[in-house]
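Student: One structure follows; several queries about it will come next.
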Amino acid sequence: MLTGALLAPVLAPDQSETPILRLTWLPVYALTAGLAAFRFERIIKAWPAWLMAGVLLVLAFASKYWSIDPEVTQRRVIAMAINAVFALYLGAAFRGAALPRLLMHTCLVMAVGSLIMVFAYPQIGVHQADNAGMWRGLWYEKNQMGLVMVVGAASAAACLAVGDRRPWTALATFGLCSLLVLASQSKTSLLCLLLGAGFIGGVWSLRRGGAVMTVAGLWGGVLLAGGAAWLWFVDSAAVLTALGKDPSLTGRTLIWESLMRRVAERPWTGYGFSAFWGRDSVPAAFVRQETSWPVPSAHNGWIDLLVQLGWPGAVAVGVVIAVAVGLVVFRICGMGAREGYWSGAYLAVFLLLSLSESVLLNHASLPWTLVLAILARAVIFDDAQESTALARRPSEAYGNRLRIASDYVNGPARRRPVRLL
């Protein structure tokens, strides 16, 4: 449901909101409430994440009072609140490798469903007008399929890194999701796939290679990042051309310039949460007129936040993401190793994705939901089950090896006779 797979393209092929789609969410909301109540003792441990998510919800709800479409803002804030509960439940209830394994299985099902749509129902699974011939699977457009498949491939890579008991499922998922990313021909999705899988593979290799490998890998990463940054600043047009993009990023720079002019008109409040891109929105009409294109979104998460909630909203979301990144990096040797370094890989992919897609603070989307889930996982420290998970057998959890007789160089010490003085 959070990916918009199948139901949205079938029930609303023109991407418009319909009452039927709203009704399909009601059972999901009821199920979310039941799951949260069932695991209440578990998810309440993530109370710092609840507080941070609550601040964002209050800010979004307050924008109703200056929103250009108060009814849409209020409705979508309610939807975002319920999906935030589900996100925090997901992060608190599925610990260790359980969450990437769940995502891997879910994305495998959707990948198989996409193949069925491509070959059995190409009018849905393949683009017919714009981007004709490119695969889109169960979604409206190819970029959506590519991003969901990136999540599946990264989750499968994490399961392989943690040593999953069924590696063939992970290998099949990684291969099929990677194939669909290539079939979508989405450059952004391909970069995200390389970043996510490369992050997991790189950290896993460093941990396995010891201190020398770690130092060499870190220095190599610093040099590679520095060289890439230098090349971008020296000749960014050549880099974009090599990636198959024009310097305007397929018209995105024109959209961003127009939107920043709208931001300058309301820098501290924005135009209301989820209200800017409505059909009757006057400021959105100016953007569409200036770009000569029916722009559906900002194609940049941070600029989209600015036009919705102004600079306070963008700063608040940035702080929440920074906290999540800091905690994941701090716990990479503990929580990170148990989950196959999935959280770090996903946050890296998400930050890259936020520069070209509107994925920040969405009311119903998988990318933002997983960020909140990672935040909930990262703030829970008092987990007794995780502290004993590294022992091979339960009896070894608190057992220490004898360190006296067995540690002699020439073997175990012999019992010496007791001399009476």
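The values are calculated or read from the model by the stated rules, or taken from the named source; none is laboratory data. As the structure is a computational prediction, the values presented were derived from the model and not from experiment. Don't worry about glycine lacking a Cβ; one is built from the backbone with ideal geometry, like all the others, and counts go over all protein chains shown. SASA here: full protein model, heavy atoms, side chains in, ligands and nucleic acids out. Shrake-Rupley method; radii C 1.70, N 1.55, O 1.52, S 1.80 Å.
Student: Within region 336-346, count every residue that is assigned to a helix (DSSP H, G or I) and either open to solvent by less than 10 Å² (accessible area, probe 1.4 Å) or touching a strand residue (DSSP E or B) at 6+ places or on another chain (Cβ under 8 Å) (or both).
Tutor: Total satisfying the criteria: 4.
Student: On to the next question. Going by what's in this entry, would Ala84 be described as within 24 Å of Phe38 (Cα to Cα), more than 17 Å from the chain's Cα centre (by Cα) and touching a residue at least 60 places away in the same chain (Cβ under 8 Å)?
Tutor: Against the criterion (within 24 Å of Phe38 (Cα to Cα), more than 17 Å from the chain's Cα centre (by Cα) and touching a residue at least 60 places away in the same chain (Cβ under 8 Å)), Ala84 does not qualify.
Student: Any idea which residue in region 374-400 is modelled with the highest pLDDT, counting only those that are surrounded by 15 or more Cβ atoms within 10 Å (Cβ to Cβ) and more than 17 Å from Ala322 (Cβ to Cβ)?
Tutor: Ile380
Student: Within the set of pairs 6+ apart or on separate chains, which have a first residue in region 131-149 that is under 10 Å from Leu180 (Cβ atoms) and free of Cβ contacts under 8 Å to residues at least 60 places away in the same chain, a second that is in a loop (DSSP other than H, G, I, E, B) and open to solvent by 50 Å² or more (accessible area, probe 1.4 Å), and C-beta atoms under 7 Å apart?
Tutor: Final answer for the pair search is Lys142/Asn131; Lys142/Gln185.
Student: Also, I was wondering about something else. Kindly indicate whether any position in region 256-265 is in contact (Cβ under 8 Å) with a residue 40 or more places away in the chain and of a type in the set (D, E, K, R).
Tutor: yes
Student: Could you tell me which numbered condition Ser114 fails, if it satisfies all but one of (1) farther than 20 Å from Ala12 by Cα; (2) surrounded by 14 or more Cβ atoms within 10 Å (Cβ to Cβ)?
Tutor: Result: Ser114 fails condition (1) only.
Student: While we're here: Which condition breaks for Trp66 when tested against (1) touching a residue at least 12 places away in the same chain (Cβ under 8 Å); (2) among the hydrophobic types (A, V, I, L, M, F, W, C); (3) surrounded by fewer than 18 Cβ atoms within 10 Å (Cβ to Cβ); (4) under 21 Å from Phe381 (Cα atoms)?
Tutor: For Trp66, the failing item is (4).
Student: Continuing with this model, one more query. Among the numbered criteria (1) at pLDDT 90 or above; (2) within 23 Å of the chain's Cα centre (by Cα); (3) open to solvent by less than 30 Å² (accessible area, probe 1.4 Å), which single criterion is violated by Gly198?
Tutor: The number of the failed condition is (3).
Student: Something else about it: Just to be sure, is Leu360 within 22 Å of the chain's Cα centre (by Cα), open to solvent by less than 20 Å² (accessible area, probe 1.4 Å) and farther than 20 Å from Gly196 by Cα?
Tutor: The answer is no for Leu360.
Student: Check Leu6, Leu21 and return the single one that is surrounded by 14 or more Cβ atoms within 10 Å (Cβ to Cβ), in contact with a Leu (Cβ under 6 Å, 6 or more places away or on another chain), at positive phi and at pLDDT below 90.
Tutor: Leu6
Student: Counting just the residues of region 281-298 that are touching a residue at least 40 places away in the same chain (Cβ under 8 Å), over 24 Å from the mean Cα position of the chain (by Cα) and open to solvent by 30 Å² or more (accessible area, probe 1.4 Å), which one comes out farthest from Phe61 (Cα to Cα)?
Tutor: Among those residues, the one meeting the criterion is Trp293.
Student: Next question. Which helices (runs of 4 or more DSSP H) sit wholly inside region 70-133 and have at least 2 residues that are among the β-branched types (Val, Ile, Thr)?
Tutor: Helices (runs of 4 or more DSSP H) meeting the threshold: 70-93, 98-120.
Each row is one residue, and each column tells you yes or no for (1) at pLDDT 90 or above; (2) touching a strand residue (DSSP E or B) at 6+ places or on another chain (Cβ under 7 Å); (3) not in a helix (DSSP H, G or I).
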| site | (1), (2), (3) |
| --- | --- |
| Val10 | no, no, no |
| Ser16 | no, no, yes |
| Ala33 | yes, no, no |
| Ala37 | yes, no, no |
| Ile43 | yes, no, no |
| Trp47 | yes, no, no |
| Gly54 | yes, no, no |
| Leu57 | yes, no, no |
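Student: Another question, if that's okay. Condition first: open to solvent by 40 Å² or more (accessible area, probe 1.4 Å), among the aromatic types (Phe, Trp, Tyr), modelled with pLDDT under 90 and in a loop (DSSP other than H, G, I, E, B). Can you find one or more residues in region 265-272 that meet it?
Tutor: No.
Student: Could you grab me the full set of residues in region 161-187 that are within 20 Å of Leu370 (Cα to Cα) and open to solvent by 30 Å² or more (accessible area, probe 1.4 Å)?
Tutor: Within region 161-187, Val162, Phe174 meet the criteria.
Student: Mind checking which pairs have a first residue in region 306-333 that is on the phi > 0 side of the Ramachandran plot and a second that is among the hydrophobic types (A, V, I, L, M, F, W, C) and open to solvent by 50 Å² or more (accessible area, probe 1.4 Å), Cβ under 6 Å, 6 or more apart or different chains?
Tutor: Close Cβ pairs (under 6 Å, with a partner that is among the hydrophobic types (A, V, I, L, M, F, W, C) and open to solvent by 50 Å² or more (accessible area, probe 1.4 Å)) amount to Gly310/Trp268.
Student: Which one of Val150, Val215 is assigned to a helix (DSSP H, G or I), at pLDDT 95 or above and either surrounded by 16 or more Cβ atoms within 10 Å (Cβ to Cβ) or not small (Gly, Ala, Ser) (or both)?
Tutor: Val150
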